[in-house]
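Chemist: Structure below; questions to follow.
Each reported figure results from applying straightforward, stated rules to the coordinates on display, with no laboratory input. No experiment lies behind these values; they were computed from the predicted model shown. No Cβ is skipped: glycine too gets one built from the backbone with ideal geometry, and neighbour counts run over all protein chains shown.
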Amino acid sequence: MATPTHGSALMQYCPACGHCAFRANSPKSFLCSRCGFILYMNAAAAVAALIESNGDLLLTVRAHNPSAGMLDLPGGFVDHQETIEAALVRELREELGVDIVAAMMGDRSTSPHSLSPHSTSPRSSSSLSQTNTSTHKYTTLTSCYVGSYPNTYHYRGITYETVDMFYQIVLPHKPDLQADDDVSDLIWVPKQEIPFDDIAFSSARDILQQCYSSSTDAR
Ligand SMILES: [Zn+2]
């Protein structure tokens, strides 16, 4: 049995013994019938943000494939040994050039490049630049978790099954942002005018429709 999820065209030999008797034996695993080795292909974790300010929602324009030029939410894949919250803070810093927790607190000068690990300011977000999860960051971001949807992500001939988690973040002011990394442009759109058909991935479309479609928007 071969499914696109396994990237079967590439996975032809057992990683343990090198034999070619290596086959997909379920939608999420390979089995080597020679040595018994099993390789599991679990869903990859990803996280993104619904960033709102003054009635608008922030959308990104994808710089690269898959779906280059289409709209997306800021965010990305979770690294190994990283928390969901830390991944979101990192991705927003990489794609938007913003310290999102400082922005949530109303700071207008939210450039992550201005953060000093030795700052003594009580409102400083210097701890956010550290790899360990601070209590401040954890409590701030977990309070706005919305939910998750599965997604299928095609990248360079391989299909990845993902689970995408979403946080809603309401900012008191629109911070200075700079598109970078996987993002070519940033767009603020009124929450009532979200172009659902131009959203690149089904998971983002699903959460946006859950939160902002006219039939379900309770805000
Ligand atoms: Zn083997």
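Chemist: In whole Å, how far is the Cα centre of region 16-49 from that of region 139-167?
Modeler: Taking the Cα centre of each part, region 16-49 and region 139-167 sit 21 Å apart.
Chemist: Figure the gain on full extension for Arg156 and Cys144 (residue separation times 0.36 nm, minus the Cα-Cα span) and round it to one decimal in nm. Let's see the in-between values first.
Modeler: Numbers: separation 12, 0.36 × 12 = 4.32 nm, distance 3.34 nm.
Difference between extended and current length: 1.0 nm.
Chemist: By per-residue mean of other Cβ atoms within 10 Å, what is the highest-first order of 90-99, 37-46, 161-170, 65-74?
Modeler: Numbers: 90-99: 23.0, 37-46: 14.6, 161-170: 19.6, 65-74: 17.8.
Ranked from most to least packed, the peptides come out as 90-99, 161-170, 65-74, 37-46.
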